[in-house]
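Here's the structure we're looking at; comments come further down.
The values are calculated or read from the model by the stated rules, or taken from the named source; none is laboratory data. Every value quoted in this text rests on a predicted model; they were computed, and no experiment measured them. Cβ coordinates were reconstructed from backbone atoms using ideal geometry, including for glycine residues, and neighbour counts include every protein chain displayed.
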Amino acid sequence: MRPGQTMIAAWAFAMAALVTFIPANLNPILIFSVAGNSQENLIITGVRALWMQGFQPLGALVFFSAILAPFFYLASVSYVSANWTLQLRLPFAGAALRLAEALESWNLLPVFAIACMVSVVKLRTLGTVSWEPGSLWVLATAVFTMLTIQCFDRKCAELYLEGVK
Amino acid sequence: MTDHLKVKLSRALTAAGIILYIPANFLPVMTITLTGQVESLTVMGGVFELYETGLVPVAAVVFLASVVVPVVKLVSLSWLLGLHGSEVNQSRRMKVHLFLIRIGTWAMVDIFLLSILVAVGQLGILASVQAEAGALFFAAMIICTLYAADIYKTHMIWQQPMPNST
């Protein structure tokens with residue numbers, strides 16, 4: 001593959017991940033029930049529960065690494081690689097590239113997807129668990145995110161943006 | 001920030017990570033209450049419980065992510081930073097550093113797991129999951145090692161030792 005060709009793939013994967021990220025956050029991941037009472041779980045529910053129990057730093061950490069960082073990472077990667085793919089010269093692409101670099105190791109959605117699976121196994125021992133559509137969206141976002149990280153060529157983006165200046 | 005300062009900061013974060021590792025593993029991470037039965041679990045206790053329910057692959061994943069990864073990170077970070085500036089094993093050190101960055105985030109599995117369990121454990125007296133102090137130490141330890149590996153750049157392995165730095 002020619003150098004830079006993967007940038008087009010990175011653009012496609014980042015956009016796909018951004019799209020699946022929305023239903024992943026709006027749909028419940030799983031429903032847990034004990035003796036007839038049930039509780040829905042979205043990504044944000046865990047953040048809220050940790051916050052309410054007095055563990056604000058943990059709530060903030062989960063919010064940052066499972067919601068904020070993935071969103072801004074994917075958004076900035078799509079912005080930067082759109083420059084390359086469409087041969088555009090969009091403003092602030094350099095800043096977007098630096099943001100993508102800073103957030104790359106904080107984009108923990110694949111880790112979150114694994115945690116979802118483990119939690120279902122764990123909850124089975126306590127009550128009844130059922131998967132909800134949100135979990136599939138989380139999985140899809142996680143896969144697209146990993147593909148984005150694989151394809152996004154930082155050096156290539158840097159060189160292209162330098163050539164623009 | 002100069003490279004010299006980066007090395008110092010990275011060393012400080014690794015030291016902090018080693019200290020935080022102790023309470024992170026000895027204090028309970030969560031308390032599960034199910035129909036009146038109260039149970040506090042440490043990180044290792046959670047792995048053991050998964051293992052006892054017969055789910056060996058899942059237990060193995062959690063064991064790798066939240067027990068093995070932090071230890072490997074702390075040990076190899078100390079090794080990398082201890083040898084900084086010397087010419088021993090430079091290419092092997094580079095490989096280790098790249099590997100560290102790759103595996104670094106997996107320890108977060110435990111924190112996410114906790115957030116999901118806490119979220120569903122809001123059924124009053126029937127079932128509740130409460131986060132415990134150990135989780136704070138655990139999260140702090142992960143953040144320290146993440147930053148330590150991030151600040152120390154791979155190219156620094158090849159640098160000549162600074163005057164008056166050891």
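Before moving on, here are some points about what is shown:
- Scanning the stretch A:104-136 for residues that are buried (at least 22 other Cβ atoms within 10 Å of the Cβ) and assigned to a loop (DSSP other than H, G, I, E, B) yields A:Asn107, A:Leu108.
- Those residues of the stretch A:43-54 which are buried (at least 20 other Cβ atoms within 10 Å of the Cβ) and either in contact (Cβ under 8 Å) with a residue 12 or more places away in the chain or more than 7 Å from every other protein chain (Cβ to nearest Cβ) (or both), in sequence order: A:Ile43, A:Gly46, A:Val47, A:Leu50
- Among the residues of the stretch A:135-165, those that are at pLDDT 85 or above and of a type in the set (Gly, Ala, Ser) comprise A:Ser135, A:Ala140, A:Ala142.
- Helices (runs of 4 or more DSSP H) lying entirely in the stretch A:1-82 (those with 3 or more residues that are under 12 Å from the mean Cα position of the chain (by Cα) and modelled with pLDDT of 90 or more): A:5-26
- Taken over the stretch A:63-85, the criterion of being crowded, with 19+ Cβ neighbours inside 10 Å and free of Cβ contacts under 8 Å to residues at least 24 places away in the same chain is satisfied by A:Phe63, A:Tyr79.
- Scanning the stretch B:111-150 for residues that are of a type outside the set (A, V, I, L, M) and more than 19 Å from A:Leu109 (Cβ to Cβ) yields B:Gly121, B:Gln122, B:Gly124, B:Ser128, B:Gln130, B:Glu132, B:Gly134, B:Phe137, B:Phe138, B:Cys144, B:Thr145, B:Tyr147.
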